[in-house]
Amino acid sequence: MTIPTSSPLLTADDRPAARDDGLDGAPPTPPAPRGRAVGRVLTVLAFLLVYAALVAPNEFTQLSPAAMVRIPLEALVGVALVLVLPHRARVVLALLAGGLLGFLTVVRALDMGFMRILARHFDPVFDWTQLGNALTFVGSSSGDLGAIATAVGGALLGVGLVVGTALAVLRLSSVAVRHRRTAVRAVPVLGAVWLACFALGAQIVVPVPVAAWSTASMGYRTAAQVPWTLQQYQAFLDQAAAPDPFAAPGTELLGGLAGKDVVLSFVESYGRSAVEGPEIAPQIDALLDDGTRRLEAAGFASRSAFLTSPTSGGGSWLAHATLLSGLWVTNQQSYRSLVEGDRLTLTGAFQRADWDTVGVMPGLTSAWPEETFYGIDRLYDFRNLGYRGERFSGFHTPDQYTLSAFQRLEHSRPGNAPLMAEIPLVTSHFPWVPVPPFISWNAVDDGTVYDSMPVTDESMEAVWSDPVKIRAQYAESIEYSLTSLISYVETYGDDDLVLVFLGDHQPAPIVTGEDAGRDVPITIVAKDPAVLDRVAGWDWDNGLNPGPGAPVWRMDDFRDRFLTAFGS
């Protein structure tokens, strides 16, 4: 390997013209004072970069100046190695180790982001495609220019970290060799201090240990995750390839819902924390309990329980796919494999049983090829829903407008065949700012009424800087979405309406706290007693609000249980 001798990141000891062990060859010519100053600055910057990459905690919430006071074991081992290796081997080791450290720094940053938003670690096999989904969301919020700038900036930062860290490690390795005597004395002393801190479990910031080896452990976890992910993906493929009894020719489906209009609505980020979290539940529980009474007064009954979602904090489409397909879809590769196949989905079962199947999806802003796979006859998205009003939250369309448009375009049509509608509601989508007001259904019209209505004056940045405010905004958005659904049933529900609504996943950990789980509420509402009689054996709780002891199923169990309950 040939190293350019003119690079400012290389000391004289890296130049092949002279040995760096002092055994032969003339010593290099001392640099000029200005060159020495520049070299010292570069060395300090290299040290800060490598040190930060080695000692940064793996959790976003643990980042603080005090948490960076650590002794990295990897650095001590690295210095010991470069002191005993010959020049060429040292250069190769420094570049490879530095590049790996830079790559792991990128992975660590992604890991912290995934834990912060999705409550799980970054998957080095399949999660790279999630970055594209993040850019799509940025584009919906900031436009194409913002998405392009984010993509270019992120790519440059990632490459810069890998290359810069490799060169920084190379420079520091040369400094260690040049100051061999000092390094030989320092390594065993710091090693003894590391061992003492490790034995004592020393911490300046709980739970960050002073004796650090987080980079090595993260590297091991990242490497070990690869075969685990591939094994899980193969298990998904095996499950998808197994015979599906509901797809057999001649199977009669959904006879127990004959003549009913069935609405399946996903409420974005409606998780178990909404009905049990101490800061949120009082508001949402009161709404659900009041909604139960109001719907009972209108002749409707309801049953509720919990489903365990395959995702948390985001990835709504994975939850939708899991519920509709009866397969456990946890990553983008599994999702792609699913939609490229011919699995019978819940919407497809309604289509096969001669329901008109409709998708009302205000979060879609472009073509959606999956509509054929899911068995949707007519698709309404943001482009043809006719919304002309103010933009709200992460998406444009208020939930009340979405339901109003469904009523106008489909549910109120005279003489229509029984409908099955899938309606993901998006007002409660991150970032939960601002939230539209709930208004009279007669006033909704094309949505321009929202243009003159007051909303929160606080910016997204101000809200997200305060956990108390963000939880309050989240609760407000969930309250709005649930109010829209309850009022829709009150206003437009008839004897043939059956509503199934559920959350797709829990919100981000900033709302739920750590280790909140992945359960989401699910509710069935109907006026015809025969509908709920079909699910009496499920032992779900009465009303819209599932209690702490309500049954919990995995989300992929729902399709088969539903088709069994309502099959002929």
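Some points to look at:
- The helix-only estimate of mean residue ellipticity at 222 nm for the chain, built from DSSP H runs of length n ≥ 4 each weighted as -39500 (n - 2.57), is -16000 deg cm²/dmol after division by the residue total.
- Across the alpha-carbon set of the stretch 229-324, the Rg to Rh ratio works out to 1.06, Rh being the Kirkwood radius.
- The accessible surface of the stretch 322-403, taken with every protein chain in place and a 1.4 Å probe, is 43 percent carbon and sulfur.
- Per-residue ³J(HN,Hα) for the stretch 347-352, Karplus 6.51 cos²θ - 1.76 cosθ + 1.60, θ = phi - 60°, Hz, x for Gly and Pro: 5, x, 5, 5, 4, 5
- Qualifying GluC sites (Glu not before Pro) in the stretch 333-386, DSSP loop, other Cβ atoms within 10 Å at most 16: 340
- Stokes-Einstein D for the stretch 209-253, Kirkwood Rh over Cα pairs, 10 °C, 1.306 mPa s (µm²/s): 112
- Dipole of the chain, positive direction: furthest Cα of 463, 183, 206, with charges on the beta-carbon: 183
- Per the Debye formula on identical point scatterers at the alpha carbon atoms of the stretch 164-313, with no solvent, log10 I(q)/I(0) at q = 0.10 Å⁻¹ is -0.82.
- Considering only Cα atoms, the convex hull volume of the stretch 180-243 works out to 124 Å³ per residue.
- The alpha carbon radius of gyration of the stretch 49-107, expressed as a multiple of 2.2 N^0.38 Å, is 1.28.
- Environment charge at residue 557 (Cβ cut-off 15 Å; Lys +1, Arg +1, Asp -1, Glu -1): -1
- Near residue 165, once Lys and Arg are set to +1 and Asp and Glu to -1 for all other residues with Cβ below 14 Å from its Cβ, the sum equals +1.
- Counted over the stretch 414-568 with a bin width of 10 Å, the fraction of Cα pairs per bin, in whole percents, is 8, 31, 33, 21, 7, 0.
- Interchain or long-range residues, amide H under 5 Å from residue 420's placed H: 262, 356, 357, 358
- Amide proton proximity set for residue 379, modelled H, under 5 Å, gap of 5+: 359
- Using R0 = 30 Å, the C-beta based FRET efficiency linking residue 483 and residue 252 works out to 0.20.
- Take the Cβ atoms of residue 152 and residue 368, set R0 to 22 Å, and the FRET efficiency comes out at 0.20.
- Cα-centre dipole for the stretch 309-385 with unit charges at Cβ (Lys and Arg positive, Asp and Glu negative), debye to 20: 180
- Alpha-carbon centroids, the stretch 453-504 and the stretch 505-568: separation in whole Å: 19
- For the stretch 507-568: rounded, prolate or oblate by the Cα gyration tensor [a/c cutoff 1.5]: prolate
- Vicinal HN-Hα couplings computed from phi for the stretch 558-568 (Karplus, 6.51 cos²θ - 1.76 cosθ + 1.60; Hz; Gly/Pro x): 5, 4, 5, 5, 5, 5, 5, 5, 9, x, 6
- Here residue 416 and residue 539 are evaluated by their C-beta separation; at R0 = 30 Å the FRET efficiency comes out at 0.30.
- Heavy-atom surface of the chain, accessible at 1.4 Å and reported per residue (Å²): 45
- If the segment from residue 237 to residue 116 were pulled out straight at 0.36 nm per residue, it would be longer than the present Cα-Cα gap by 40.6 nm.
- Across all Cα pairs in the stretch 289-448, the calculated P(r) in 5 Å bins from zero up to the longest distance comes to 2, 8, 14, 17, 20, 19, 14, 6, 1, 0 percent per bin.
- Cα gyration tensor, the stretch 451-508 - rounded (a/c under 1.5), prolate or oblate: oblate
- Under the Karplus curve 6.51 cos²θ - 1.76 cosθ + 1.60, θ = phi - 60°, whole-Hz ³J(HN,Hα) for the stretch 90-102, x wherever Gly or Pro sits: 5, 4, 4, 4, 4, 5, 5, 5, x, x, 5, 4, x
- Tensor-based shape of the stretch 399-472 (alpha-carbon gyration tensor, a/c under 1.5 rounded, otherwise prolate or oblate): oblate
- Normalising the average separation of contacting C-alpha pairs (under 8 angstrom, six or more residues apart) by the number of residues puts the relative contact order of the chain at 20 percent.
- Total charge dipole magnitude, the stretch 457-496, about the Cα centre, Cβ charges on Lys, Arg, Asp, Glu only, Debye to nearest 20: 300
- Charge-dipole axis of the chain as Lys and Arg at +1 and Asp and Glu at -1 on Cβ define it, positive-most pick from 389, 350, 78: 78
- What the Kirkwood sum gives for the chain is a hydrodynamic radius of 27.0 Å, with every pair of different alpha carbons counted.
- Debye, to nearest 20: dipole size of the chain, +1 on Lys, Arg Cβ, -1 on Asp, Glu Cβ: 3560
- Residue (of 250, 310, 325) at the positive-pole extreme of the stretch 230-327, dipole from beta-carbon charges: 250
The values are calculated or read from the model by the stated rules, or taken from the named source; none is laboratory data. This structure is a prediction, so every number in the text was calculated from the model and none was measured. Please note: Cβ atoms are built from the backbone with ideal geometry, for glycine as well, and neighbour counts cover all protein chains shown. SASA here: full protein model, heavy atoms, side chains in, ligands and nucleic acids out. Shrake-Rupley method; radii C 1.70, N 1.55, O 1.52, S 1.80 Å.
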